[in-house]
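Note sheet for the following structure.
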Amino acid sequence: MSPNGESQIADANLPESFELHQNYPNPFNPITVIRYELPEATEVTLDVYSVSGQRVASLVNRAQPAGSYTVPFDASRLASGVYIYQLKAGNFLSTQKMVLLK
């Protein structure tokens, strides 16, 4: 587990494709978990944005080996509302919405 709480899920079978899963729980207060899969080693960024497009958190920004990952997101300093999280991994780009309810 890394200092920010990110962990790689041990699995003998590597993912077959890039995938960004819906956070859980959703809606959440104040902590949620974001899960994603990488079929190959690549540079990864995982950022959280407000609906107005302002980046409010950078959760991952480094090269990672192939595998499945979970990253906790603590939104205790943010206001209630809808937020967007975006995974960029190589040429893959995916976004999801999440709802913070306080």
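Nothing in this text is a laboratory measurement; each read-out follows from the coordinates by a stated rule. No experiment lies behind these values; they were computed from the predicted model shown. Ideal geometry is used to build each Cβ from the backbone, glycine not excepted, and the neighbour counts take in all protein chains shown.
Other residues with beta-carbon under 15 Å from the beta-carbon of Met98 carry, at +1 per Lys or Arg and -1 per Asp or Glu, a net charge of +2. Measuring nothing but how far apart in sequence close Cα pairs (under 8 Å, 6+ apart) lie, relative to its length, the chain scores a relative contact order of 33 percent. Taking the DSSP bridge list for the chain and keeping only pairs wholly inside it, about 95 percent are antiparallel. Counting Lys and Arg as +1 and Asp and Glu as -1 over every other residue whose Cβ lies under 9 Å from the Cβ of Phe18, the net charge comes to -3. Across the stretch 58-64, computed HN-Hα scalar couplings (Karplus, 6.51 cos²θ - 1.76 cosθ + 1.60, θ = phi - 60°) run 10, 8, 9, 7, 5, 6, 9 Hz from first to last residue, x flagging Gly and Pro. Amide H contacts of Val60 (H built 1.01 Å from N, in plane; Pro and chain starts excluded): Leu46 sit under 5 Å, all sequence-distant by 5 or more or on other chains.
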